[in-house]
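Read through the structure below, which is laid out as structure tokens, and then see the notes.
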């Protein structure tokens with residue numbers, strides 16, 4: 001269910017008027033989605049769910065409590081507010097309580113497409129049909145997911161804050177496999193505008209990789225020069241910035257960004273000098289949400305600039321305690337790219353591997369952000385500047401902190417999607433990386 | 001984190017989309033005849049519009065999440081979510097739609113919407129879905145429970161959490177987190193074959209973790225609690241000694257900082273059931289899902305090395321290996337009276353997946369069995385919310401105890417050079433379930449049959465079939481432990497399922513162990 005800004009504003013005003021607490025925050029969000037799912041060149045589960053939610057947080061002094069539900073009627077809203085107030089009254093004081101924010105200034109959202117909002121289930125099926133027919137004709141097995149959604153969110157506080165954001169999103173991933181089970185290729189991306197999605201091209205990429213990756217050769221594990229395609233980079237960068245860039249954790253001594261002896265590495269050169277990563281909610285390629293967490297405006301934020309650790313996420317309480325400015329988390333991420341094409345990266349590689357994407361990434365050691373995971377859907381051996389053969393998948397054990405110190409060359413930054421890094425819009429380049437640790441061979445295709 | 005066969009535990013995953021309070025009120029007021037009327041309406045509309053099969057699920061989820069950090073309460077949140085879904089099979093194509101409003105108007109609208117989705121997808125239906133003959137049930141099933149967690153005063157639960165952290169901090173922890181999450185799941189299911197089923201179950205999910213920091217060296221270490229989530233009431237919380245574990249966790253986290261770093265190589269491993277349940281989940285539970293074998297998860301969760309030609313032939317593990325699927329197991333997170341296809345587990349004591357080391361059965365939902373020459377589903381469907389499509393999900397999948405007497409110490413006794421691993425650290429496995437890597441919470445050296453000092457930087461890698469065939473020791477019933485995860489991920493859109501795994505300690509010979517310390521970072 002989608003509420004317009006005027007409807008959302010009216011709803012939050014009605015809720016805040018009902019509040020008896022010393023302060024109150026109201027959040028409302030809703031979405032309408034459609035998806036078609038296919039496997040083995042045919043439809044499997046197809047649907048169209050929708051939802052709406054209201055959350056009320058009430059505060060008495062430093063006591064807080066939340067209750068969730070949703071209803072536009074006065075009686076139901078009153079029940080919801082009362083429930084949150086009763087929860088708050090039973091809570092002990094939280095010494096880290098921060099009062100709700102007052103009015104803020106927000107940039108307009110840039111991630112809404114009326115085309116996406118108007119897309120039907122038939123249009124989704126029609127977009128996929130030629131790809132499935134091609135796969136069938138080529139004796140390949142295509143599986144995929146094509147989903148569109150429209151969503152809104154708003155936040156309002158008893159101190160006068162109101163923010164509203166509406167956006168659309170598209171997710172498409174497609175896997176093609178050879179019938180003998182030895183080849184698999186993949187393509188995937190997100191966008192906010194369905195009309196910008198090139199479904200046939202993505203299908204062609206997945207099918208091409210499936211054919212080229214079949215009957216792989218077994219290669220010994222070890223440290224390899226690798227070309228990481230954007231999906232693989234998106235996962236590692238998304239996990240690093242989204243999950244590990246935390247000021248409090250660094251100050252408290254439990255982060256890779258902790259300085260030996262105390263304090264954080266903020267301001268120090270922690271990454272290679274060719275690495276710059278920022279978030280900008282108004283970015284044309286990857287527009288993000290206009291507010292973050294408790295209603296702080298999402299603003300352009302440099303996380304890494306020329307290798308220097310520029311910012312870590314910092315909540316309002318920790319900022320106040322440490323006399324810093326709060327730094328809201330990112331709603332979008334861009335890694336600045338370079339000009340080297342993938343073809344040129346291959347040409348300059350004596351021996352290395354081209355990696356399509358990663359799978360099942362988990363943190364092994366938070367101290368060093370050591371991650372493990374596997375390559376998937378296409379790994380190719382490069383010898384003397386040419387791709388020579390497909391190879392079996394590998395398990396990697398590598399830290400993105402270390403990886404971002406070993407970047408040799410970068411392609412242009414492009415919108416990318418990784419299954420492992422969540423739904424945040426990401427723009428990253430293809431990377432040529434030295435000494436990437438591949439610790440064992442996987443028999444999976 | 002998406003794309004994960006067993007997602008990381010995030011509080012947000014415990015809370016489904018909160019629905020319309022009017023709907024909650026409406027559903028709360030719906031008596032059984034009213035639910036029946038809505039179901040009849042949906043099923044009749046579906047049939048009139050061409051559905052050969054349809055089902056209607058009306059669900060209510062009640063949630064509570066409490067989290068304490070050190071000496072403060074960080075979160076106290078309650079929620080209720082009510083809604084329904086209509087699923088239709090039209091000319092061999094599935095479609096579904098859902099709504100948070102359980103009203104006649106919305107039921108008609110959603111049913112028509114589900115039909116529209118199915119018809120829109122028909123051009124992609126290369127092969128029509130066909131269902132086996134389904135049995136009709138009229139029943140009510142309620143999970144047995146002593147203490148309803150939603151009736152326990154919230155301040156009592158908050159005090160408990162704060163006391164856990166207090167115990168950890170007193171014992172030397174620098175940071176401590178403790179949380180309780182509770183879910184009550186109420187489902188009404190009706191299908192076009194005539195089933196009308198009501199069932200209720202509750203999940204209780206505690207989590208704890210302590211962290212210690214050595215500022216001089218810049219090192220830190222954490223120790224997560226070993227308490228598993230369960231399909232139980234608050235009596236489970238009352239019966240677990242959180243305070244003792246919190247204090248011990250702080251001491252063990254401190255000990256980790258000074259523990260000996262492992263030398264990589266081949267070791268005999270004795271895996272505690274607090275650890276082994278997850279290895280079972282990843283390397284036995286997921287590979288034996290039939291939808292993976294059929295290629296239906298190829299684009300996301302992956303396929304499996306357990307292809308249908310291996311059924312009844314693959315020597316999955318040693319003769320000691322007996323794996324049973326059971327959705328009637330007491331305390332199991334996957335335990336139900338009926339699955340979300342309406343298949344009964346009443347009086348069903350489960351089925352073997354691996355028998356004396358041989359792969360003998362898949363897990364199945366409806367519409368799958370006939371594709372491998374079998375007759376019916378074995379009741380392994382689940383939808384994680386009222387707005388989700390039921391897909392094949394894992395039942396409680398457990399390693400059976402050794403019928404012969406065997407203690408943990410007996411397993412150590414025959415190890416000259418090995419490692420004992422407790423609890424779960426990191427976990428990862430490839431998309432066909434061959435290559436895995438697991439860490440843990442606690443690692444101890446085993447030397448000449450005796451348990452030695454603590455180790456650190458340990459992870460082991462293996463390949464599933466080779467690994468399970470390397471098992472040569474198994475604990476008896478007295479060593480049994482029921483672990484589990486509340487949030488196993490699969491499907492597109494991704495769904496999270498709660499599932500338990502029983503295990504006993506087991507010994508594995510000559511497994512590859514690596515050292516995970518990186519000296520080139522920080």
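Read-outs: derived from the displayed coordinates by stated rules, not from any lab. All of these numbers come straight from a predicted model, not from anything done at the bench. Backbone-built Cβ (ideal geometry, glycine too); neighbour counts: all protein chains shown.
Convex hull volume of the C-alpha atoms in chain A, normalised per residue: 148 Å³.
Please work out the FRET efficiency for the pair residue B:310 and residue A:383, using the Cβ-Cβ distance as r and a Förster radius of 41 Å; give the result to the nearest 0.05. In this case the efficiency is close to 0.70. Rounded to whole Å, the principal axis extents of the Cα atoms in chain B read 72, 56, 45, largest first. Here the convex hull built on the C-alpha positions of region B:356-437 has a volume of 204 cubic angstrom per residue.
To the nearest 0.05, how large is the calculated FRET efficiency for residue A:97 and residue B:159 if R₀ is 30 Å and r is the Cβ-Cβ distance?
Working: r = 19 Å, r/R0 = 0.64.
FRET efficiency, residue A:97 to residue B:159: 0.95.
Shape summary of region B:101-198, radius of gyration then Dmax from alpha carbon positions: 23.8, 65 Å.
Going from the residue with the fewest nearby Cβ atoms within 10 Å to the one with the most, A:305, B:67 rank A:305, B:67.
May I ask you to work out the translational diffusion coefficient for region B:45-97 at 4 °C, viscosity 1.567 mPa s, via Stokes-Einstein with Rh from the Kirkwood sum over Cα pairs, reported in whole µm²/s? Stokes-Einstein gives a translational diffusion coefficient of 92 µm²/s.
Where does region A:304-390 land on Rg/Rh, using Cα atoms and the Kirkwood Rh?
Details: Rg = 19.2 Å, Rh = 16.9 Å.
Checking Rg against Rh, the ratio lands at 1.13.
Between residue B:510 and residue A:341, the modelled label-to-label distance comes to 5.1 nm, taking each label 7 Å out from Cα in the direction of the beta carbon.
Run the Debye formula on the Cα coordinates of region B:211-259, all scatterers equal and no solvent, and tell me log10 I(q)/I(0) at q = 0.14, 0.19 1/Å. Treating every Cα as an identical point scatterer, log10 I(q)/I(0) equals -0.45, -0.66. Relative intensity of region A:1-67 on a log10 scale, I(q)/I(0) at q = 0.12, 0.18, 0.29 Å⁻¹, equals -0.49, -0.74, -1.19, per a Debye sum over C-alpha point scatterers of equal strength in the absence of solvent. Direction-averaged projected area, Cα convex hull, region B:406-509: 7.3 nm², rounded to one decimal. Remark on region B:38-160: ratio of C-alpha radius of gyration to 2.2 N^0.38 Å is 1.50.
Can you give the direction-averaged projected area of the convex hull of the alpha-carbon atoms in region A:1-139, in nm²?
On the way: hull surface 50.2 nm².
Dividing the Cα hull surface by four gives the mean projection, 12.5 nm².
Structural size metrics of region B:466-522, computed from C-alpha coordinates, are Rg and Dmax of 17.2, 46 Å.
Overall form of region A:94-144: prolate. Here a/c, set by the Cα gyration tensor axes a ≥ b ≥ c, is 1.5 or more, and a/b is the larger of a/b and b/c.
Is region B:192-347 best put as rounded, prolate or oblate by its Cα gyration tensor, with a ≥ b ≥ c the root eigenvalues, rounded for a/c under 1.5, and otherwise prolate when a/b is larger than b/c, oblate when not? Since a/c reaches 1.5 but b/c is at least a/b, the shape of region B:192-347 is classed as oblate.
Taking R0 as 35 Å, what FRET efficiency do you get between residue A:268 and residue A:350 from their Cβ-Cβ distance, rounded to the nearest 0.05? Please report the intermediate quantities before stating the final value.
Values: r = 33 Å, r/R0 = 0.94.
With a Förster radius of 35 Å, E is 0.60.
With no solvent and one point on each alpha carbon, what is the Debye value of log10 I(q)/I(0) for region B:127-248 at q = 0.16, 0.18 Å⁻¹? Once normalised to I(0) and log-transformed, intensities are -0.82, -0.94.
Above 18 angstrom, tally the Cα pairs of region A:225-278 and express them as a % of all pairs, no decimals.
The answer is 42 percent, as a whole percent.
Ellipsoid semi-axes for region A:45-105, based on the Cα gyration tensor and the rule √(5λ), read 27, 16, 13 Å when sorted largest first.
Once Rh for region A:188-258 is found with the Kirkwood sum over Cα pairs, what is the Stokes-Einstein diffusion coefficient at 25 °C and 0.890 mPa s, in µm²/s? Let's see the in-between values first.
On the way: Rh = 16.3 Å.
D = 151 µm²/s.
Measuring max minus min along each principal axis, the C-alpha atoms of region B:86-129 give extents of 35, 14, 13 Å (largest first). Tell me, rounded to the nearest percent, the portion of alpha carbon pairs in region A:334-445 spaced more than 18 Å apart. Value for region A:334-445: 54 percent of Cα pairs lie more than 18 Å apart. Put simply, region A:66-154 fits an ellipsoid with semi-axes of 47, 18, 16 Å; these come from the alpha carbon gyration tensor as the roots of five times its eigenvalues, largest first.
If a/c stays under 1.5 just call it rounded; otherwise compare a/b with b/c (prolate if a/b is bigger, oblate if not). Do that for the protein assembly as shown, with a ≥ b ≥ c from the square roots of the Cα gyration tensor eigenvalues. The shape class here is rounded. Taking the Cα atoms of region B:262-372, the ratio Rg/Rh between the radius of gyration and the Kirkwood radius comes to 1.00. Share of pairwise Cα-Cα distances greater than 17 Å in region A:237-357 is 63 percent (whole percent). Taking the square roots of 5 times each eigenvalue of the Cα gyration tensor of region B:236-301, largest first, gives ellipsoid semi-axes of 34, 21, 11 Å.
Kirkwood hydrodynamic radius of region B:347-486 from all distinct Cα pairs, in Å?
Working: mean 1/r = 0.0551 Å⁻¹.
Here the Kirkwood hydrodynamic radius works out to 18.2 Å.
Ranked for footprinting exposure by Cβ neighbours inside 10 Å, fewest first, B:454, B:364 give B:454, B:364. The fraction of Cα-Cα pairs per 10 angstrom bin, counted from 0 for region A:353-399, comes to 28, 42, 24, 7 percent, rounded to whole percents. Dividing the convex hull volume of the alpha-carbon atoms in region A:130-226 by its residue count gives 171 Å³ per residue.
Determine one quarter of the surface area of the Cα convex hull of region A:309-360, which equals its mean projected area, and express it in nm² to one decimal.
Values: hull surface 27.4 nm².
For region A:309-360, averaging the hull's shadow over all directions gives 6.8 nm².
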